[in-house]
Amino acid sequence: MSSGKLVMMANQIGRFFVPQRGIDPAAAIATHLRKFWDPRMRAAIVAHLDGGGEGLDEAVRQAVLRLRDDRV
């Protein structure tokens with residue numbers, strides 16, 4: 001799957017969680033990605049972030065950083 005498609009999908013997830021009250025949006029996004037994205041998709045979005053992360057909304061960027069830090 002292209003990184004552009006992954007960015008679009010991740011940002012859509014982010015737009016769901018960001019306006020919710022009483023949650024940490026980055027944590028909720030990261031949890032969603034861990035639960036529902038294939039490991040290859042997660043690896044690809046982390047690689048995209050490591051390559052500059054063009055197009056990622058801020059909460060999504062923070063969530064992907066958490067994914068990256070968790071696999072170390």
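Residues that are surrounded by fewer than 11 Cβ atoms within 10 Å (Cβ to Cβ) and in contact with a Lys or Arg (Cβ under 6 Å, 6 or more places away or on another chain): find the helices (runs of 4 or more DSSP H) completely inside the chain holding 2 or more of those.
Working: elements: 3-17, 25-36, 39-50, 58-71.
So the answer is none; nothing clears 2.
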Task: Checking I29 against (1) on the phi < 0 side of the Ramachandran plot; (2) over 9 Å from the mean Cα position of the chain (by Cα), the condition it does not meet - done: (2)
TODO: Write out, first by first residue and then by second, each pair whose Cβ atoms fall under 7 Å of each other, whose residues are 6+ apart or on separate chains, and whose first residue, in the stretch 35-58, is within 14 Å of M8 (Cα to Cα) while the second is in a loop (DSSP other than H, G, I, E, B).
DONE: M41/M1; A44/M1; L49/L56
Open item on the list: Can you pull out every residue in the stretch 32-72 that is within 11 Å of the chain's Cα centre (by Cα) and among the charged types (D, E, K, R)?
Closed with: R34, R42, D57, E58, R61, R66, R68
Task: Residue tally, condition small (G, A, S) and farther than 12 Å from L6 by Cβ, over the stretch 29-50 - done: 1
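Which of the residues belonging to the stretch 8-38 are among the hydrophobic types (A, V, I, L, M, F, W, C) and within 10 Å of A63 (Cα to Cα)? Steps first, answer last, please.
Of the residues in the stretch 8-38, the ones among the hydrophobic types (A, V, I, L, M, F, W, C) are 8-10, 13, 16-18, 23, 26-30, 33, 36-37.
Result: A10, A26, A27, A28, I29, A30, L33.
Values quoted throughout were computed directly from the atomic coordinates according to the rules given, and no laboratory measurement underlies them. These figures come from a predicted structure and were not determined experimentally. Ideal geometry is used to build each Cβ from the backbone, glycine not excepted, and the neighbour counts take in all protein chains shown.
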